[in-house]
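A short worksheet on the structure shown next.
The values are calculated or read from the model by the stated rules, or taken from the named source; none is laboratory data. Note that the structure is a prediction, hence the values are computed from the model and not measured. Here the Cβ positions follow ideal geometry from the backbone for every residue, glycine too, while neighbour counts run over all protein chains shown.
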Amino acid sequence: MSEHQLRVDWPACTAHGLCAELLPEVVSLDEWGYPIVHEAVTGEVLAMARAAVKACPTLALRLIPAAPRPA
Amino acid sequence: MTSATTALPTAVQNEEGLPPVVSQGPALLAGIGHGPGLHAHRDRIGPAPRLGAQELVELAREVDLRGRGGAGFPSAIKLASAARRRAVVVVNASEGEPASHKDVALMTCAPHVVLDGAAAVAHALGTREVHVVVPSELPSLRLIVVRAVRERAIAGERLRVRLHDAAPRFVAGQAQAVLQLLAGRENLPVTARAPEAVSGHRGRPTLLSNAETFAHLGHLARVGAAGYAVHGTADEPGTTLLTLRGDGWDPEVREVAFGTPLTEVLAQDELTRPLLLGGYHGTWLRPGQLPGLTVSRKGIAAAGASIGAGVMLPLAQGWCPLVRTAALVDYLAGQSAGRCGPCRNGLPAMAEALQDLVHRGGPVARVEELCGLVRGRGACAHPDGTARLVASMLTRFPEEVDSHSLGTCRSGQPGMFG
Amino acid sequence: MSGGDFMNGPMLWFANRGTGVVLLLLLTLSTVLGVLSTARVSPRIWPRMLSQGLHRNVSMLAVTFLAAHVVTAVVDTFVDIRWWQAFVPFGGTYKPVWLGLGALSLDLLIAVTVTSLLRHRMSHRPWRAVHVLAYAAWGMGLLHGIQIGTDSPSAWDAALNYGCIGVVSVAVIARVGVVARSTAVAS
């Protein structure tokens, strides 16, 4: 099972929120508009996750193939 | 042991405007009575140690040497990662933590102990490039380091040592922030693609460690594992530098062997008050927990705290730990680099929520929520450390928290409500 | 009608002017959408992906009209415009200053288009620095269009031009306002 982690480059993120729009299963927004990644990216949403990485206006997202860190 | 003490130059001051007193120690601070000069240093301990990378890594592993910058990362692993071509050595003496003075003490009173370590590491990694980061607000310290480097060059040491001046900020000492400084950019954290030991300054393997860590490495390289273990315990050999009362009226830097009971480190009355351990990103301990503790990474971790950068701050007499924490979070919020949204927004919100809690009976839930929101969502550990401080306050002092929700303070600090 | 007549006739010239007008509208729309992409409008009213998606599509359409506009200008023999004069902003014979402005605008838009196609292979800051030049390209294109026209501008043309200027100005002022507010909050 290919599991990926969505990582945010925090200094680059300016809270445009496209990632949360495209990938609500994995990303929600905090009260200031910044992404909270609350799930790992699994097979079904991988395509949308890639779209989110492409769509980010400041290229602040990366998809890392890895096992998730413990919460 | 009766110890000589040295007061640091008056330019070095803590928040109360007082220079910390540095006591002679068993290992790193053994020679402070003879001054910071190279000749006295060499007379006392002989030539600088020169080892291969493998040997140095093994020694560090044998004594489980940990970094002294606060994170406690195993030095052996860092050394092994950086032991590749074209490595760079960076000595971090920027000491951004206001309550810590040990690195400044080392660089001022025993610069060659640190520089011997840096030289040993440079030799082991097969490089001549050494960078030393000093606090920009202490030109007297810079002068001492410049002088020390010059002495070594005259004595024949062939290293390319460059000095850098760290910005007077809390986050200036963070590893990526230091690398930015070395690259000529603003001394603030950025997202790291790889650990700096793998790819750091100019993409080269970079051994970036705290000044005290280099001092330990130099000492270890010289006396070997057995010599290093003369002090300390079997489980945790060696010594560590502590800054006591760094924010108070009689700040002190003391070298202490691992395993020393806290009762021998702190005064009797200090053991009856809450203790903030580790620094401003540290954790609180209740007075009841103190007498049973020794200066031990593992023992302190078992008590739910962390030795951090060796900072010990007994709460001032008559003060409330909640009020103190709220003031610290105010400071820490102001020290955000402002580069990451969750930190830039979350820490001031946390400061406000804490002020609410402490002075107006505001909800604890909001404070907890914010701690959860800022953890792990930044380029550096500044928000995490702040959240850790606040979480420890909530864990250790639940009665005080309840009391403040009802509008009274158990420490009896007057006039803080409404 | 022979091929030569086609080249000599007014068809290409009309096509050139027509593509020019549509191009101005599309570039104006693209600029406004680009500005909207950065505004923090509630996603319930206007999904953020919609702004980005529209901006991309409108821009791509604008590029095709830009290509048509350049080709019709060069191929047409009614006015002497060589291929290279479409790209080099000096040395032209027909209204050199205003033609040159159009050429400069084209150059900038080529840079913007290429960098945007390669956005993921470059780092964000240099991409952004080039992308901001789109504003200049828009302005130059607008001025080029106003001045290079053969006849005096009709009320229609004037209304179009003022409309485009107005819409972009409003968008930019709103954007500057958002930036100022968000900087104030952050400090």
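For the reader, a short list of remarks on this structure follows.
- Residue check, B:Gly224 touching a residue at least 60 places away in the same chain (Cβ under 8 Å), surrounded by fewer than 19 Cβ atoms within 10 Å (Cβ to Cβ) and not basic (Lys, Arg): yes
- B:Val323 being crowded, with 23+ Cβ neighbours inside 10 Å and under 30 Å from B:Gln268 (Cα atoms): no
- Single match in B:Gly259, B:Gly279 (criterion: on the phi > 0 side of the Ramachandran plot, crowded, with 20+ Cβ neighbours inside 10 Å and not assigned by TED's automatic domain parsing to the domain that holds B:Gly70): B:Gly279
- Filter result for B:Gly156 (without any contact (Cβ under 8 Å) to a residue 40 or more places away in the chain, assigned by TED's automatic domain parsing to the domain that holds B:Leu59 and more than 29 Å from B:Gly378 (Cβ to Cβ)): yes
- Of all the listed residues (B:Gly338, B:Gly334), the sole one being surrounded by fewer than 17 Cβ atoms within 10 Å (Cβ to Cβ) and over 21 Å from the mean Cα position of the chain (by Cα) is B:Gly338.
- You will find that of B:Gly372, B:Gly288, B:Gly376, the residue that is assigned to a loop (DSSP other than H, G, I, E, B) and free of Cβ contacts under 8 Å to residues at least 24 places away in the same chain is B:Gly376 and no other.
- For B:Arg377, the requirement of being charged (D, E, K, R), surrounded by 19 or more Cβ atoms within 10 Å (Cβ to Cβ), more than 22 Å from B:Gly304 (Cα to Cα) and under 31 Å from the mean Cα position of the chain (by Cα) is met.
- Residue within segment B:219-233 that is charged (D, E, K, R), closer than 20 Å to B:Ala40 by Cα, out of contact with any strand residue (DSSP E or B) (no Cβ under 7 Å at 6 or more places or on another chain) and more than 14 Å from chain A (Cβ to nearest Cβ) present: yes
- Within segment B:189-200, the set of residues being under 17 Å from B:Gly69 (Cβ atoms) and buried (at least 19 other Cβ atoms within 10 Å of the Cβ) comprises B:Pro189, B:Glu196, B:Ala197, B:Gly200.
- Number of residues in segment B:146-161 that are surrounded by fewer than 23 Cβ atoms within 10 Å (Cβ to Cβ) and closer than 19 Å to B:Leu182 by Cα: the value is 4.
- B:Glu55 farther than 15 Å from B:Asn210 by Cβ and acidic (Asp, Glu): yes
- Among the candidates C:Ala67, C:Ala103, C:Ala137, residue that is surrounded by fewer than 18 Cβ atoms within 10 Å (Cβ to Cβ), of a type in the set (A, V, I, L, M, F, W, C) and either at pLDDT 90 or above or at positive phi (or both): C:Ala67
- Selection count where residues are touching a strand residue (DSSP E or B) at 6+ places or on another chain (Cβ under 6 Å) and surrounded by fewer than 24 Cβ atoms within 10 Å (Cβ to Cβ), scope segment B:202-218: 1
- Of the residues making up segment A:17-55, those that are more than 14 Å from chain B (Cβ to nearest Cβ) and part of a loop (DSSP other than H, G, I, E, B) number 7.
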